[in-house]
Amino acid sequence: GAFFEYTYTMNEKLSAVAGLRGDHNNLYGWFATPRLNVRYEPIKGTIVRLSAGRGQRTANIFAENMGALVSARQVNILSSSTQKAFGLSPEVAWNKGISIDQKLKLFSRDATLSFDFYRNDFTNQVVADMEDARQIKFYNLTGKSFSNSFQSELNFIPVKKLDVRLAYRWFDVK
């Protein structure tokens with residue numbers, strides 16, 4: 001594989017990093033994974049980050065599902081080809097997200113407040129189907145698959161040597 005990255009810094013408030021990776025896999029051939037990260041500080045203490053990119057990986061179905069494999073379940077791999085890893089196509093997803101960090105004072109002490117939202121749209125995903133208690137089926141998903149995640153977080157130090165972190169996380173995965 002080969003990787004190219006370009007960093008553009010307009011000023012202290014705006015910068016961007018663009019990257020492109022090209023790989024050749026003995027099972028899947030050539031593929032590219034682009035990415036873009038932008039950092040913007042509209043006012044001092046407020047940072048907005050945007051990110052987008054493509055990801056591809058080979059699912060290691062046995063290592064990733066050890067808990068299901070220690071049972072007496074029969075393993076069925078519903079493969080689309082014998083020329084692929086475990087007979088399955090690679091997982092491919094488009095990722096995008098935004099993060100906002102705000103520095104502030106809380107009870108006269110420094111604090112940070114953060115909000116993150118990220119979305120993954122899978123164009124291909126490997127499924128470990130355990131609906132049947134007697135077997136586990138592995139196959140490539142047909143249809144849409146996505147995940148949304150949101151997190152808000154407050155960090156501050158009310159007294160010396162005591163860090164407080166309050167966070168809320170929400171997932172929507174289908």
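Tally up the residues in segment 140-159 that are within 19 Å of A111 (Cβ to Cβ) and either open to solvent by less than 50 Å² (accessible area, probe 1.4 Å) or of a type in the set (S, T, N, Q) (or both), please.
Count: 7.
Of the conditions (1) touching a strand residue (DSSP E or B) at 6+ places or on another chain (Cβ under 6 Å); (2) crowded, with 16+ Cβ neighbours inside 10 Å; (3) at pLDDT below 95, L78 clears all except one; give me its number.
(2)
Regarding A133, is this residue open to solvent by less than 60 Å² (accessible area, probe 1.4 Å) and of a type in the set (A, V, I, L, M, F, W, C)?
Taking the combined requirement at face value, the residue does not satisfy it.
Filter segment 16-44 down to the residues that are without any contact (Cβ under 8 Å) to a residue 12 or more places away in the chain, open to solvent by 50 Å² or more (accessible area, probe 1.4 Å) and part of a strand (DSSP E or B) and list them by number.
W30, I43
If you go through segment 112-128, how many residues are open to solvent by 30 Å² or more (accessible area, probe 1.4 Å) and more than 15 Å from the chain's Cα centre (by Cα)?
Qualifying residue count, segment 112-128: 5.
With L162, L104 as the choices, which residue is loosely packed, with under 10 Cβ neighbours inside 10 Å and modelled with pLDDT under 95?
Within the list L162, L104, the selection yields L162.
Do we find that A111 is under 30 Å from G45 (Cβ atoms) and either out of contact with any helix residue (DSSP H, G or I) (no Cβ under 7 Å at 6 or more places or on another chain) or not in a strand (DSSP E or B) (or both) in this structure?
yes
Kindly evaluate S99 against the criterion of being open to solvent by less than 50 Å² (accessible area, probe 1.4 Å) and without any contact (Cβ under 8 Å) to a residue 60 or more places away in the chain.
Yes; evaluated as a whole, the condition is true for this residue.
All but one of (1) under 30 Å from G22 (Cβ atoms); (2) at pLDDT 90 or above hold for W170; which doesn't?
Result: W170 passes all but (1).
How many residues, within segment 47-70, are open to solvent by 50 Å² or more (accessible area, probe 1.4 Å), in a loop (DSSP other than H, G, I, E, B) and either in contact with a helix residue (DSSP H, G or I) (Cβ under 6 Å, 6 or more places away or on another chain) or among the small types (G, A, S) (or both)?
Matching residues across segment 47-70 total 1.
Quick check: is even one residue across segment 139-156 β-branched (V, I, T) and outside any strand (DSSP E or B)?
Yes - at least one qualifying residue is present in segment 139-156.
Which condition number in (1) at pLDDT below 95; (2) open to solvent by 50 Å² or more (accessible area, probe 1.4 Å) is the one that E5 fails?
(1)
Please enumerate the residues belonging to segment 22-54 that are of a type in the set (D, E, K, R) and modelled with pLDDT of 95 or more.
Answer for segment 22-54, where residues must be of a type in the set (D, E, K, R) and modelled with pLDDT of 95 or more: R35, R39, E41, R49, R54.
The values are calculated or read from the model by the stated rules, or taken from the named source; none is laboratory data. Note that this is a predicted model, so its numbers are computed, not measured. Every residue, glycine as well, gets a Cβ built from its backbone with ideal geometry; the counts of neighbours run over all protein chains shown. Surface accessibility is based on the protein's heavy atoms, side chains included, excluding ligands, DNA and RNA. Shrake-Rupley method; radii C 1.70, N 1.55, O 1.52, S 1.80 Å.
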